[in-house]
Amino acid sequence: MAGLLMLKTNSQLDAEAGARAAAEQRQSEPLIQGLAAHLRSLWDPARMAKDVQKNKMLRALRQRNGEYEADVLKEISEQGGSKVFMMLSETKCRGAESWLRDVLLDEGMVPFSCEPTPVQDLPPEVGSRIHKNLSNKVIQTIEQTGFAPDSEETEALKEVAEADIRDELLEEAQEAADNMKTLISDQFFEGGMIQGFNDFISDLTTYPNAFLKGPVVRRQRRLAWGKDGEGKTKPVVTEELVPTYERVDPFHVYPEPGISKLEDGYLFEHHRLSRPELSALMGCPGYDDDAIRHVLDNMPNNNMASWLWSTELQKAELEQKHLMWMRPTRVVDALEFTGKIDGKKLREWGMGDDEIPDEAVEYDVNVWLIDRWVIKATLNYDPLGRKPYYTTSFIKRPGALWGSSLPEVIEDVQQLCNAAARALANNMGLASGPLVEVNIDRLPDDEEITTLKPWQIYQTLNDPLGSGQPAVHFNQPDDRSGPLMTVYTHFCKLADDQSGIPAYVYGDMNVTGAGRTASGLSMLMGSAGKGIRQVVMHIDMDVIEPAVVAQFNYNMRYIDDESIKGDIRCRAKGAITLANREQLNVRRVEFLQATANPIDQEIVGKPGRAAILREVAKGLSMPVDEIIPSKEKMDIQEKLEAVLQQQQPQPQPGQQPQQGPQPGAAPTFPGGTPKGGAESNTVTNQQTGRS
């Protein structure tokens with residue numbers, strides 16, 4: 001068993017001391033010091049501008065969690081009565097999340113496509129292929145006609161040759177696009193895109209904005225299985241640099257004040273890193289390993305948490321992270337800056353002409369700052385200088401970065417429903433029994449009047465005034481539950497209209513009118529889908545498509561696989577999926593019926609009709625492979641039928657042609673009926689190509 005006391009040699013201590021000295025020297029260079037000072041000057045405006053949005057986010061989170069604001073709860077407590085909070089916002093947010101996940105993650109991956117561009121650009125090296133194809137066509141023309149083609153015929157043959165090459169390029173591009181889509185899907189799966197996007201949807205329905213980040217190259221540990229010296233299976237842990245994706249907490253994003261899009265200005269991301277998370281950054285491209293080691297050895301006590309402490313504590317309590325300030329694991333706060341810095345400052349701070357060719361241009365940089373330590377400072381080498389951050393809102397505001405959250409949209413309705421529910425609860429409590437009025441002057445001194453029991457007997461004294469009124473009088477409060485329930489129901493339905501998430505979307509079966517029939521409910525769902533389609537369109541344009549394009553550009557630049565590269569366009573398909581889901585299969589069936597004639601069947605052919613049938617079966621959630629044979633099986637069947645046809649006896653002159661084998665009938669052979677036994681098996685093997 002290894003001991004807990006670590007022993008180091010003098011050489012190891014000298015090496016560590018040398019590394020720390022080198023890190024200290026690098027941190028004191030003008031470039032690093034200038035970057036750190038510049039980032040601090042940019043951080044304060046971004047932090048102060050974010051306070052308004054933080055208050056909105058905390059308010060939305062409380063509303064979804066079913067908690068009153070402190071001032072409202074104080075007023076309710078002073079008035080007395082019920083403190084009930086109706087979870088209307090939580091229900092609407094959960095319904096919206098389910099709807100969006102059903103559309104965008106129905107197949108286990110964000111919907112996108114990689115397609116070749118309609119008109120393929122002809123690269124220079126294709127000229128030789130066109131010339132060769134043209135030469136072959138000229139030779140064929142001479143062999144068929146015996147004459148060389150004139151200039152007009154040659155020009156026509158050239159156009160045909162070029163069209164053939166374009167068709168070949170289109171087929172190659174389609175294959176490359178399919179390979180690219182498969183690779184991106186695998187990278188999304190391995191890089192955490194599904195989990196990050198799933199969390200992104202939760203943020204989208206709760207906060208004014210939701211944020212997704214990627215691709216960011218990080219080091220990941222993976223478990224594989226190998227063989228030891230004895231041939232036994234053993235686990236093998238490997239480390240790879242992979243492009244990753246993650247949801248970014250909206251509380252931890254600090255954009256530049258006054259911008260309309262993330263690309264318009266700089267952005268800070270606040271990281272809270274534990275020791276394992278910080279050490280995992282070592283070895284990743286661009287990070288200063290010695291500076292990270294120095295931070296790990298001297299975890300700063302006074303970090304940026306003191307600037308954000310109030311918000312962080314409120315957020316932690318709302319997320320059920322109680323006693324966060326007592327967490328034993330040490331964490332360090334880091335700021336990640338992504339934005340532009342003008343070339344003149346970068347040159348003044350020590351960057352060379354090769355990195356900063358023009359000091360009048362602003363350059364995109366990525367810098368990580370922990371306390372006074374810069375652990376990463378690199379130029380953003382994206383060809384277009386784009387940030388690896390994507391954001392959108394449930395309801396967007398033109399010209400504004402921050403939008404409106406679903407709880408914010410129905411906040412007034414939520415408050416009115418809460419008020420009606422509190423009044424209803426209070427009224428039900430009052431109307432559940434009588435209010436008792438007691439004349440204490442007519443009761444003995446030892447009479448108990450604090451409780452009311454069945455069959456209770458009161459001893460009373462004579463009324464000195466002779467009024468004839470009873471000593472104990474019962475008053476029954478009015479029951480107002482009916483009108484209050486009507487008010488509550490009215491505002492619940494109003495929340496359906498304001499949110500765009502009607503109750504029948506998440507399973508409420510109390511639907512009247514057209515919703516009482518299957519077709520009517522389908523029509524209502526289609527109408528309700530117009531609102532959610534707008535949200536899906538925002539996600540497509542602002543998040544999915546930019547992320548797919550960024551991953552495509554990464555693969556084109558850094559993946560050495562020519563089979564994925566071509567003239568390809570990547571697009572998101574979430575809105576298309578939602579728009580087509582209900583009507584697509586109906587239209588496919590109609591297309592099958594319209595093409596069920598000899599002319600169209602000759603054009604479409606068996607492979608085309610089988611492809612349509614596969615899509616129809618998929619839309620009906622049927623076992624496609626068990627119903628419709630694959631393209632490979634159909635090719636084998638066609639070859640088999642061709643072989644059988646060739647083995648049919650040729651008719652002699654004057655004889656009637658022999659009819660071919662009918663579908664499902666046994667093939668016929670020269671000489672009559674096939675023989676049984678081994679000889680029959682031999683013939684069958686020759687027909688199918690098996691030995």
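Values computed for the structure shown
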item: Size of charge dipole - region 298-408 - debye, nearest 20, with Cβ of Lys, Arg +1 and Asp, Glu -1, no other charges; result: 500
item: Positive-end residue, region 325-376 charge dipole about Cα centroid, Cβ charges, pick of Gly352, Asn366, Leu335; result: Leu335
item: Nearest-20 debye value, region 381-502 charge dipole, Cβ charges on Lys, Arg, Asp, Glu; result: 1040
item: Whole-Hz ³J(HN,Hα) from phi, Karplus 6.51 cos²θ - 1.76 cosθ + 1.60, for region 443-455, glycine and proline x; result: 10, x, 5, 8, 6, 7, 10, 8, 10, 10, 10, x, 6
item: Furthest towards positive pole of dipole, Ala400, Ala419, Ser432, structure part region 366-452, Cβ charges; result: Ala400
item: Sequence ranges 66-76, 170-180, 236-246, ranked by mean other-Cβ count within 10 angstrom, highest first; result: 170-180, 236-246, 66-76
item: Solvent exposure, largest accessible area first (probe 1.4 Å, DNA, RNA and ligands not counted), of His252, His473; result: His473, His252
item: Listed pairs Lys54/Lys493; Lys345/Lys565; Lys345/Lys387; Lys213/Lys315 exceeding 32 Å between Cα atoms; result: Lys345/Lys565
item: Neighbourhood charge, 9 Å Cβ-Cβ cut-off, centred on Val248 and excluding it, Lys, Arg +1 and Asp, Glu -1; result: -2
item: Percent carbon-and-sulfur accessible area, region 376-467, ignoring ligands, DNA and RNA, probe 1.4 Å; result: 55
item: FRET efficiency, Leu592 to Gln174 (Cβ-Cβ, R0 30 Å, nearest 0.05); result: 0.80
item: Solvent accessible area, Å² - Thr117, 1.4 Å probe, full protein context; result: 30
item: At 0.890 mPa s and 25 °C, Stokes diffusion of region 167-306 via Kirkwood alpha-carbon radius, µm² per second; result: 129
item: For region 171-183, 3J(HN,Hα) per residue [Karplus equation, 6.51 cos²θ - 1.76 cosθ + 1.60, θ = phi - 60°, Hz, x = Gly/Pro]; result: 5, 5, 5, 5, 5, 5, 5, 5, 5, 5, 4, 4, 5
item: Apportionment of accessible area to carbon and sulfur, region 219-289, percent (1.4 Å); result: 49
item: Distant alpha-carbon pairs in region 319-399 (separation over 18 angstrom), percent; result: 62
item: Environment charge of Glu359, counting only residues whose C-beta is closer than 14 Å and scoring Lys/Arg +1, Asp/Glu -1; result: -3
item: Accessible surface of region 60-108, 1.4 Å probe, proportion on carbon and sulfur as whole %; result: 46
item: Highest-first arrangement of 257-265, 554-562, 209-217, where packing means the average Cβ count within 10 Å; result: 209-217, 257-265, 554-562
item: Long-range HN-HN contacts of Val84 with modeled amide H, under 5 Å; result: none
item: Solvent-accessible area per residue for region 406-502 (1.4 angstrom probe, square angstrom); result: 66
item: Two-decimal Rg to Rh for region 350-396 - Kirkwood Rh, Cα set; result: 1.11
item: For Lys344, net neighbour charge (Lys/Arg +1, Asp/Glu -1) across residues whose Cβ lies under 14 Å away; result: -4
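The values are calculated or read from the model by the stated rules, or taken from the named source; none is laboratory data. All values derive from a computational prediction rather than experimental measurement. So basically every Cβ, Gly included, is an ideal-geometry build from the backbone, and we count neighbours across all protein chains shown. The area values use the complete protein model at the heavy-atom level, side chains included, leaving out ligands, DNA and RNA. Shrake-Rupley method; radii C 1.70, N 1.55, O 1.52, S 1.80 Å.
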